[in-house]
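Structure first, commentary second.
The values are calculated or read from the model by the stated rules, or taken from the named source; none is laboratory data. On a predicted model such as this, the values are computed, not experimentally measured, just so you know. To get the accessible areas, we keep the full protein, side chains included, count just its heavy atoms, and leave off ligands, DNA and RNA. Shrake-Rupley method; radii C 1.70, N 1.55, O 1.52, S 1.80 Å.
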Amino acid sequence: QQRDSTIVIQEIANNNFKCARWGMKAHLADAKYIKLGFVARHDMNSVGKHVICGVKTYETNDFIRKILRITSKDEPWTIFAKFIKCIQNNLEADGRYIAVRDPLKQFIRLYKVQDDAFSKDDGLPTFNNLRKALNIPQDNGK
């Protein structure tokens, strides 16, 4: 039992974003339980056959609160709102930007790219078009 818990904690630490996404999706879907399955390859050289090592079942709220240590279910939305506010405050001109999360640190960097860096038919809107679509007023007093 203790070995299983150690494995779960280590896997969640290694895949925190993925597990948080599963937890929040389960919460939004109003799922009562989350089941995590652990598998291993039957033969180390074969990618086709796997063996189920175990399954852990958690209540969704317990998984979010105790395992992921997300204290409030509003916390992900707060982080998203901070990200949007950061974009609003730091982008000076309309254009194309790339948001890149630093894998070793807890922050996201924004890089401006040339307008023709991507094909024009990629369907990506500019920030001003998003601002208009979402009825966000333009803040001129930066």
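Points worth noting:
- Surface accessible to a 1.4 Å probe, Ser72 within the full protein complex, Å²: 50 Å²
- Rounded accessible area of His42 (nearest 10 Å², 1.4 Å probe): 120 Å²
- Just so you know, the Cα atoms of segment 19-65 work out to an Rg and Dmax of 13.9, 40 Å.
- Over 30 Å between alpha carbons, listed pairs Lys66/Lys132; Lys35/Lys112; Lys25/Lys82: Lys66/Lys132; Lys35/Lys112
- Computed in the context of the full set of protein chains, the accessible area of segment 45-91 at 1.4 Å probe radius has 55% of its extent on carbon or sulfur.
- Heavy-atom surface of segment 47-98, accessible at 1.4 Å and reported per residue (Å²): 72 Å²
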